[in-house]
Amino acid sequence: TSHGSYEVNLQNLPADPGLRPCIDSYNCNIRDQVRRTYLQRGPFQPKGHNFKFEKFGNQQRRFVSDWFKEFGSWLEYSIKEKSAYCLFCYLFKEDNETTYCNIFERQSKKTQSKYETRLNAVVDCIRFLLNQGLAFRGHDESDGSSNRGNFLELLHFLADHNEDINVVTLKNTPLNLQMTSPKIQKDIVSCVATETTNAIIREMDGALFSVLIDESRDISTKEQMAVVLRYVGKNGYVVERFVGIEHVSSTTAASLKESLDNMFSRFGLSLSMLRGQGYDGASNMQGEFNGLKMLILEENESTYYHEEVNSLFNLVSMLVNVVGVSAKCHDILHEKHALAVIEALGKGELSSGQGLNQEITLKRSADTRWSSHYGTLMSIISIFPSVVDVLEVIEVEGNSEQRFQANTLLKLMQSFDFVFCLFLMKNILGYANELSRALQRKDQDILNAVKLVEVYKHNLQKLRDSGWDSLFGQVSTFCSKHGIDVLDMDDLFLIPGRSRHKAREITNLHRYRVELFYVVLDMQLQELNNRFNESNTELLICLACLCPNDLFAAFDKEKLLRLAEFYPKAFSAIDLIALEMQLNVYIMDLRSSAEFSELKGIGELARTMVKTKKDKVYPLVYQLVTLALILPVATATVERVFSAMNFVKNRLRNRMSDQWLNDNLLVYIEKDVFACIDNEDIIRRFQNMKTRREQLKKF
């Protein structure tokens with residue numbers, strides 16, 4: 001959209017002064033809105049940026065980040081132009097700052113206290129609804145409607161239980177001051193999201209960080225890219241914060257990089273402080289994420305990166321939708337399973353107390369994909385006959401679409417091929433389940449993760465080498481129990497629906513043992529090996545020397561110096577010399593300190609160093625510890641974002657705009673940060689967005 005147009009997205013105004021168009025290029029009718037937006041953001045101050053020396057005449061000079069503290073209200077720095085700017089000079093030029101600020105001084109003293117009380121009540125309502133991830137509005141917002149949204153219902157509830165708020169309920173307030181319109185609510189939520197993001201950036205305080213990125217489609221099939229930052233807080237704890245979701249119309253690496261740059265620019269973050277990247281290897285855009293990784297590595301060399309059976313999970317997904325979603329089907333499933341348990345007890349196949357109290361469910365959890373799939377597969381195996389019974393009921397009583405799906409599922413589920421894939425993936429994901437659960441912890445450090453990965457690789461290799469007979473026995477027993485034909489492994493393999501003369505000349509044994517069993521396991525092992533290449537392996541070996549277990553038994557000064565060399569932007573040549581001397585004193589000191597004698601893991605080391613102020617005594621060593629902790633371990637936090645997205649933007653709210661979705665999602669996920677933000681900060685930002693009919697004097 002041209003700058004002379006009325007349609008300018010205020011959320012995406014360039015933050016870097018070197019990228020901003022002249023303020024006069026904006027249409028005169030929206031120029032004040034642009035100014036207000038920049039005033040609310042404050043000056044662009046990338047405090048963590050690596051300011052390099054530039055030649056001025058015969059001297060080398062550079063920008064000093066401490067100037068941001070001294071001239072914090074107006075001083076800006078452009079990463080693109082490598083120059084300093086004045087925010088007020090850009091916004092006003094010949095205009096007088098005081099004159100501009102006077103537009104916020106229009107007061108209505110008669111209704112001031114009532115307006116303030118009502119505004120606080122509105123913010124409280126919005127605060128509650130955002131924390132619950134609930135919709136604001138219903139189909140009919142009139143005062144006498146029985147189908148109003150949550151917002152009005154909650155506002156009336158507060159009024160009924162608070163005398164001060166009751167004074168300014170809908171009936172006692174002029175229509176133009178009721179603040180129940182969607183635009184007002186969106187303005188307030190935008191203020192809430194901005195304050196929450198600013199609180200996260202302040203919490204980071206210029207710390208080194210890693211970025212975790214994943215993509216998924218929302219309910220309206222838009223590609224959304226979620227971004228999470230991982231850093232070490234001032235208390236030594238690892239923190240992962242969701243900072244936003246971006247709609248990416250193009251999924252090329254360059255487009256993803258541009259979206260990430262725009263987001264970093266809005267937050268005043270610099271790529272020079274980025275020290276790690278984490279992407280979901282199962283992502284639909286895995287190839288493009290690899291391209292994004294390389295684009296970031298080109299800009300910052302200190303950043304490190306850590307269909308077969310597809311039809312099975314498509315089938316499982318259909319099964320969950322057909323059987324697990326409907327309340328009626330769920331009730332039938334419980335009933336059928338209860339009868340099956342009673343029958344099994346009568347035959348002596350179950351001891352008393354087993355089965356009856358088992359949770360019967362067919363659904364995906366909000367955990368990571370491994371544990372979600374594993375739980376679903378276990379449920380299918382344990383209640384298989386009951387699921388079949390429910391499908392048979394649906395095949396008779398459902399609508400045309402449900403009958404077709406049930407018929408298809410019955411044919412596919414009651415086949416040797418389905419049962420084989422079911423048990424194969426159950427075994428593979430069973431080994432991965434403990435690793436997956438461990439990686440749910442946001443403070444999981446890379447060394448513990450590597451140990452768990454090694455255990456997982458060992459179990460997969462053991463399964464490949466000697467697990468075929470056991471797997472085939474499990475599959476055969478299950479098929480015999482449920483009346484499913486067991487294939488003769490010596491017979492020719494036939495694809496259902498294909499004629500025999502067009503079939504490949506391979507046996508069932510070759511098909512299931514070589515093309516499925518071996519291939520799937522080899523793919524899993526190869527993927528793990530690809531993630532830990534030669535460069536990453538050396539990095540991890542060096543990281544292991546920070547481990548404090550057994551009085552720092554793994555300590556190796558030379559390897560830790562090599563670790564520092566992996567981060568040339570964090571450790572200069574002079575820093576490396578100082579680090580060598582610091583490591584000598586550090587290891588003698590900590591080995592003789594009782595506080596460090598029983599530590600387990602790098603996370604405990606960081607927290608104890610902060611607690612005992614050793615992070616100040618050995619700042620270079622602590623920086624090494626920090627770099628080890630912020631290396632991405634897993635993308636579980638990002639995957640939780642998409643679970644929340646499917647809750648916030650659901651079938652009934654599928655027309656949410658990208659910005660509205662981002663604002664709701666940010667506050668819903670980062671509730672603990674939002675809880676610390678005072679109503680006054682939200683109201684101040686809301687008041688300063690534009691000229692309101694009513695203004696509060698103190699703002």
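The values are calculated or read from the model by the stated rules, or taken from the named source; none is laboratory data. Being a predicted model, the structure only gives us computed values, none of them experimental. Please note: Cβ atoms are built from the backbone with ideal geometry, for glycine as well, and neighbour counts cover all protein chains shown. When the accessible area is computed, the model is the full protein with side chains, heavy atoms only, and any ligands, DNA or RNA have been set aside. Shrake-Rupley method; radii C 1.70, N 1.55, O 1.52, S 1.80 Å.
Comparison of SER466, SER436 shows that the only residue that is outside the structural domain of ALA554 (by the TED database) and at pLDDT 90 or above is SER466.
Residue-by-condition table, conditions (1) open to solvent by less than 10 Å² (accessible area, probe 1.4 Å); (2) over 28 Å from GLY236 (Cα atoms); (3) modelled with pLDDT under 80; (4) outside any helix (DSSP H, G or I):
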{"position": "VAL625", "(1), (2), (3), (4)": "yes, no, no, no"}
{"position": "VAL641", "(1), (2), (3), (4)": "yes, no, no, no"}
{"position": "PHE647", "(1), (2), (3), (4)": "no, yes, no, no"}
{"position": "ASP672", "(1), (2), (3), (4)": "no, no, no, no"}
{"position": "GLN687", "(1), (2), (3), (4)": "yes, yes, no, no"}
{"position": "LYS698", "(1), (2), (3), (4)": "no, yes, yes, yes"}
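If you scan the range 14-27, which residues turn out to be open to solvent by less than 80 Å² (accessible area, probe 1.4 Å) and closer than 16 Å to TYR77 by Cα? Of everything in the range 14-27, those that are open to solvent by less than 80 Å² (accessible area, probe 1.4 Å) and closer than 16 Å to TYR77 by Cα turn out to be PRO14, ALA15, ASP16, PRO17, GLY18, ARG20, PRO21. Only residues that are under 25 Å from THR194 (Cα atoms) and open to solvent by 60 Å² or more (accessible area, probe 1.4 Å) were counted in the range 28-65, giving 5.
Checked against the criterion of being at pLDDT 90 or above, farther than 30 Å from PHE51 by Cβ and out of contact with any strand residue (DSSP E or B) (no Cβ under 6 Å at 6 or more places or on another chain), the range 520-540 contains not a single residue that satisfies it.
Total residues in the range 232-247 satisfying the condition of being buried (at least 19 other Cβ atoms within 10 Å of the Cβ) and over 16 Å from the mean Cα position of the chain (by Cα): the figure is 2. Within the range 248-259, the residues that satisfy the criterion of being part of a helix (DSSP H, G or I) and either under 14 Å from the mean Cα position of the chain (by Cα) or more than 19 Å from ALA15 (Cα to Cα) (or both) are ALA253, ALA254.
ARG607 fulfils the conditions (1) part of a loop (DSSP other than H, G, I, E, B); (2) open to solvent by 10 Å² or more (accessible area, probe 1.4 Å) except for a single criterion, (1).
Flag: ASP658 matches the condition of being closer than 15 Å to GLU246 by Cα and modelled with pLDDT of 85 or more. Residues that are touching a helix residue (DSSP H, G or I) at 6+ places or on another chain (Cβ under 6 Å), under 30 Å from PHE53 (Cβ atoms) and assigned to a loop (DSSP other than H, G, I, E, B) occur at least once in the range 571-589.
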